[in-house]
Amino acid sequence: PGGAKRPLLSQLFQPLNLQGGGEAGWDGGAGEPTCRSQKLMLQGGLIHPSSPGCYYYMPPAVRAMEKLIRVTDEEMRAVGGQKLNMPCLSSAELWRASGRWDRMGPELFRLADRHGKGYCLGPTHEEAVTALVAAQSNLSYKQLPLRLYQVTRKFRDEPKPRFGLLRSREFYMKDMYTFDASEEAARQTYDLVCDAYRSLFDRLGLPFIKVRAATGSIGGTVSHEFQLPAGVGEDRLVVCPDGHFAANVETLNGEQTSCPTCGEKLTQTRGIEVGHTFYLGTKYSSVSNAVFYSPENKPQLAEMGCYGLGITRILAASIEVLSTEDSIRWPSLIAPYQLCFIPPKRGSKEEEEGAALLERVYDDLAEALPHLAGDSVLDDRTQLTIGKRLKDANKLGYPYVVIAGKRVCEDPPVFEVWHQDTGQVLFLTKEGVIELLSKVQVP
């Protein structure tokens, strides 16, 4: 009854521990090194530990992740990406052919089926996608460039999983693999995808640095990382203060201290890697014989690139860099819920009238801005004061909080609206609330 069904905070499966007890036991052991995002995500009921480096993602975290995936899909489609889905199980034969079965060492989760055939749980899918493209026996140059991507669970047997979702053994990644007709075309694709990553981080409002990086076990000749500067970051970076040069320290020969372009002294910082791009050339296409037919109808090896975005790592890293010690701040585009409604306290003189007026705002809002209808939560814990619930809303990082407080009984009724990103408090009529929220974007 009464318009849209309102999600009630008391019914969300989001076990809150906002009192934030001691550090011990956060992640399975006393004295476990934790970081801000891990602590806030555990306190806010966003994740729950399962085994070392593995987590349950609770419903609000899944909402944020699905929004992030939608934004990622938009950026990938804009560069001609086609979404597919590859098996998590990858045959050992494929990995032996590329040489990575031995080279990846104990990082690979390996298993054998009942017939004794070997597999790994995919940490990445270069071998698989190249085999797939190689199986298309009459691929023409007219079908290139191919830009194939997926968003799936990946697995890496981390020796020391830590910092929650920042370094876990099971995680979500967006990985794109591109196939071009020439090196020149492949490098144009590389620049295009890097620009899409820039666009993504700009839309999320995340301060990133693109740095020169090592190619590591994936290989290829050109590689960049997208890093979010953070004290807890595991990568050491050097950056030119004028923006001419940035690199991961592991790529430098010896101690490079000045910018190769302008000579300025390089500053050191730490970062969390959230994206990685590689120009691969024919490293994998030559192994699987992934060929296309040229205008002269001759078979030619495809030129490849691969491009990763850590989806669950971006969630944790954005909380790490945007939040305060005790309050989550989301990139507003991907907050699990945009809005929290706080009705009056039980037994207060505003209780009856205020609750009814707030419900009407909710229903009118759902009608005027249907995209926000499912993006609102009603904090129905009316045994608690408004102040206590506002404090919790602040800790959970809802971008907007609408309160039926003392002025809700005025004529016309006035609501208190907190805008978390700017720290503003506004007093608005119902029409004013709807107008303010009409600017809110939801992917």
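Worth a mention:
- Options Leu68, Pro52, Gln82, ranked by Cα towards positive dipole end of the stretch 44-93, top entry (Cβ charges): Leu68
- Springs join every pair of Cα atoms under 10 Å in this Gaussian network model of the chain, and among Leu111, Leu121, Leu68 the largest mean-square fluctuation is at Leu111.
- The charge dipole of the chain, taken about the Cα centre with unit charges on the Cβ atoms of Lys, Arg (+1) and Asp, Glu (-1), comes to about 820 debye, rounded to the nearest 20.
- Cα long-axis angle, helix 351-368 against the chain (0 to 90 degrees, to the nearest 10): 40 degrees
- 24 Å Cα-Cα reach of Lys117 towards lysines, excluding residues that sit fewer than 8 places from it in its own chain: Lys154
- Dipole-positive endmost among Tyr284, Val401, Leu144 within the chain (Cβ charges, Cα centre): Tyr284
- Put simply, the convex hull of the Cα atoms in the stretch 42-177 casts, on average, a shadow of 10.4 nm².
- Acute angle (nearest 10 degrees) that the helix 183-204 long axis makes with the longest principal axis of the chain, alpha-carbon atoms: 10 degrees
- In the complete set of protein chains, residue-level accessible area for Lys391 is approximately 120 Å², probe 1.4 angstrom.
- Arg360 contributes about 130 Å² of solvent-accessible surface, heavy atoms of the protein only, 1.4 Å probe.
- One compactness figure for the stretch 226-343 is 1.56, namely its Cα radius of gyration divided by 2.2 N^0.38 Å.
- Relative contact order %, the chain, counting alpha carbon pairs below 8 Å whose residues are six or more apart: 16 percent
- The stretch 317-343-the stretch 400-443 distance, computed between alpha-carbon centres (Å): 18 Å
- Taking the helices alone, the chain has a mean residue ellipticity at 222 nm of -8500 deg cm²/dmol, built from -39,500 (n - 2.57) per DSSP H run of at least 4 residues and averaged over all its residues.
- For the chain, the solvent-accessible area with a 1.4 angstrom probe is 45 square angstrom per residue.
- Extension gain for Phe109-Val62 works out to 14.4 nm (0.36 nm per residue, less the C-alpha to C-alpha distance).
- Karplus 3J(HN,Hα) series, Hz, for the stretch 108-121 with 6.51 cos²θ - 1.76 cosθ + 1.60 (x for Gly, Pro): 7, 7, 10, 8, 10, 7, 5, 9, x, 7, x, 9, 10, 7
- On full extension, the segment bounded by Asn138 and Glu325 gains 61.6 nm, given 0.36 nm per residue less the C-alpha separation.
- Area accessible to solvent at Leu89, 1.4 Å probe radius, in Å²: 90 Å²
- Taking all protein chains together, Tyr190, Tyr57 sort by accessible area into Tyr57, Tyr190, largest first [probe 1.4 Å].
- Spatially, the stretch 143-180 and the stretch 205-233 are offset by 14 Å when compared through their Cα centroids.
- Between helix 59-78 and the chain there is an angle of about 50 degrees, using the helix long axis and the longest principal axis of the Cα atoms.
The values are calculated or read from the model by the stated rules, or taken from the named source; none is laboratory data. Computed from a prediction, not measured in an experiment: that's the story for all the values here. Cβ coordinates were reconstructed from backbone atoms using ideal geometry, including for glycine residues, and neighbour counts include every protein chain displayed. These accessible areas exclude ligands, DNA and RNA; they are computed on the full protein's heavy atoms, side chains included. Shrake-Rupley method; radii C 1.70, N 1.55, O 1.52, S 1.80 Å.
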